[in-house]
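Here's the structure we're looking at; comments come further down.
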Amino acid sequence: MTSFAARYARFDKIVLSDDSDDEWAPQSQPKAPLPKTQAPTSFPKAQAPVPPTVPKPMPKIPALEDQYLSMVSRPRPPASPGAVLGRAAVVSTMKDVSERIESWVSWHLWIGFEMLFLFFDEPSEMDSMQLAVEAGGPAVKVIPRNEELRSAWSRQNSWQALGPKVDQEVQVRQCLNTQYAMELGLASGIGWLLNIDSDELFLPVKSPESLSVGAHAPDSPEELRGVVPAHFAALTAAGCENFAYYNHEVVPEIVAPVDTTREAGSSTRGDPFLSLSLFKLAPERVPLNDDAKRVVESWMARNSAGKYFLYYDNGKSAVRLDTDGLYVPPTVHNFLPRTTTGAWDEQRLKATGYTNDTRHHGLTPHQHHFSAILHFAIWDPHALWAKYFLHGDFPDKIIGAVMKEELYWGPCFHIQSRDHLRKNRDEPDGGRAAMRELFRCAAALELASEAERQIAAGVLYRFTVVQRVLEAAKEEALARKGHMLGIPRNWYQDIRMGPNTERARDTMGNVKEGAERKDDEDNLVELEDNDEQALEDNVEELRLENNEADDEGTAMESFEEEDADELALEENIEDLSERNISYSCQIASATSVADEGELTLEEN
């Protein structure tokens, strides 16, 4: 069977050339110049393994032999304070992220990134932009796709080559956004820049020695809090200028039923970061034994392309910004250096480019480093359907073409998904049921016992720390309002970066209680400011009600007086009745006496 190294080789397939036909004008610091040339890519052709392309020899220019061909042999600027301290930022091009952007931002700020450059490919996605800013505050730099951004693209040296394709292909825009972020980061004192997507999280891990036996990540959120600066500071100290990280790919465990009420918009895609924890490990981390081999082969048999991962498996990269401005992002996966003549600097790449994936033969292996990209590529049947519904009937050719040769997708799950939806799109449910079945067959692992078996084989792993970090971050979200209550303004930095964590924890309870009280006060102020007229109307209404109540009270008193009079009248009537009875008795007695007198008189 073909070895992993041969099957997944990446950097040895890059066509290095002298690019003598390119226009090249290196610039001086501090604007981090970038080339005007099209750059080769490491994007794989998803077919049978192809022998590595033999690179063209580096140009031999006798007149320059006393100078250099590779920048590695020439002194470079000393590391900047930002690089020495490990100050790092993330750049990402985003779209349809409203339900997951808060988790994405919270995670990367928790682990210690200082700035997040978020390029929104759809400028109308204002809700997502607002959520990102609310989640990250001043650390988040939102940059929508508009004329201002296009103007920034046009300043990049690769604009001449990439500009004509910028409206057709998102990967072209991603490369230009990354170059612009390199410029912004350098101007802000940032030392390192990581390029990832909105469905990816960076997982920094110090070394195997910092983990328990068999683990691939820490278990505690506290172990990940603010570790990014130390990670990149160590790379700077080692002389690294570029690091390529391997990636793990998520494995969904639930296949949700078809729901035709959910449309393809961003508000129905969900947040995979909160619920998914099971991943296929990068090939570099899969053990070389028979059990693991059988598990990998079972995954390869579940998709038409015969691949272990459904999407990319060549990782993502970070680059130092303070070197000499000669690093370029030729694809979304890597950064490569040039010489001042415009040629790709293979010697420098090998000397200062590190990787923890030994399949990248053009870089220096750094195998003991466990840091990785967690790729939440496919998490829900509806999300799969929505993704390809929005992608539409895209062509087989890769339009981005940041290589000089034309590239085609070839056999891969991306094309399989496109074709499957195309075949079933006219169904009454729009192809939802068909995409659900594809999701179940190719991506999901519903049987818990099988998941445990594959974990035991060393192919799958549960990164439960993601949910733990997000839960902890949510717990502390209210604490950001602490400065309103007189809490020291740097206390949140203490929470995020690690030192004085105990003090921050003690503060958090008071802040949460105070923030709730502050919310009540804010609501009252808002009522007074915005609803003053309504309040006056309410007061007038209450006054009228009081007047009516007073009238009712007066009437009640009148009724009580009338009742008293009636009672007195009844008593008088009763008294008169008694008197009448008495008078009647007296009259009857007198009448009786008179009658007796008359009888006696008659007798006499």
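If only the Cβ of Lys and Arg carry +1 and only the Cβ of Asp and Glu carry -1, the dipole of region 137-183 around its Cα centre is close to 40 debye. For T355, nonlocal amide neighbours, meaning residues 5 or more places apart or on other chains whose placed amide H falls under 5 Å from its own, are A244, T364, H366. Here the accessible area of region 303-439 is 54 percent carbon and sulfur, with a 1.4 angstrom probe and all protein chains present. The residues of region 70-160 present an accessible area of 41 Å² per residue when probed at 1.4 Å with all protein chains retained. Split the accessible area of region 105-210 by element, probe 1.4 Å, and carbon with sulfur accounts for 50%. You can think of it this way: the chain between D219 and Y311 has 30.4 nm of extra reach, that is 0.36 nm per residue less the Cα-Cα gap. Qualifying GluC sites (Glu not before Pro) in region 220-318, where qualification requires a DSSP coil assignment and no more than 13 other C-beta atoms within 10 Å, comprise E263.
Taken per residue, the accessible surface of region 165-256 reaches 29 Å², heavy atoms only and a 1.4 Å probe. Placing a label point 7 Å from the Cα of A234 along the Cα-to-Cβ direction, the residues of region 324-355 whose backbone N falls under 14 Å from that point are 355.
Checking the cross-link pairs K387/K423; K141/K280; K206/K316; K95/K293 against a 27 Å limit on the alpha carbon distance flags K141/K280; K95/K293 as lying beyond it. 3J(HN,Hα) along region 302-315, derived from phi through the Karplus expression 6.51 cos²θ - 1.76 cosθ + 1.60 where θ = phi - 60°, amounts to 8, 9, 5, 7, x, 10, 5, 8, 7, 10, 4, 9, 9, x Hz, with x in place of Gly and Pro.
In this rough spin-label picture, where each label sits 7 Å from Cα along the Cβ direction, the A477-L447 distance is 3.9 nm.
Annotation: amide H of K316 within the under-5 Å range of Y245, sequence separation 5 or more or interchain, hydrogens built in the peptide plane.
Shown are Y388, Y354, whose ranking by accessible area with a 1.4 Å probe and every protein chain present, most to least, is Y354, Y388. Restricting region 239-328 to chymotrypsin sites (Phe, Trp or Tyr not before Pro) that sit in a DSSP loop and have at most 16 other Cβ atoms within 10 Å of their own Cβ leaves Y311.
Can you give me the relative contact order of region 269-339 as a percent, contacts being Cα pairs under 8 Å and 6 or more apart? Result for region 269-339 is 17 percent. When E200, E452, E471, E99 are compared by accessible area at a 1.4 angstrom probe, the order from most to least is E471, E452, E99, E200.
Derived scalar couplings between HN and Hα for region 456-473 equal 5, 6, x, 9, 10, 8, 9, 9, 6, 5, 4, 5, 5, 5, 5, 5, 5, 5 Hz in order, rounded to whole Hz, by the Karplus curve 6.51 cos²θ - 1.76 cosθ + 1.60 (θ = phi - 60°), x for Gly and Pro.
For region 308-376, the Cβ-based charge dipole about the Cα centre amounts to some 20 debye (Lys, Arg positive; Asp, Glu negative; other atoms uncharged).
How large is the accessible surface per residue of region 309-397, computed with a 1.4 Å probe and reported in Å² as a whole number?
24
What you get for region 319-461, charging only the Cβ of Lys and Arg (+1) and of Asp and Glu (-1), is a dipole of about 160 debye around the Cα centre.
The values are calculated or read from the model by the stated rules, or taken from the named source; none is laboratory data. Note that the structure is a prediction, hence the values are computed from the model and not measured. Don't worry about glycine lacking a Cβ; one is built from the backbone with ideal geometry, like all the others, and counts go over all protein chains shown. Heavy atoms of the whole protein, side chains included, go into the accessibility calculation; ligands, DNA and RNA do not. Shrake-Rupley method; radii C 1.70, N 1.55, O 1.52, S 1.80 Å.
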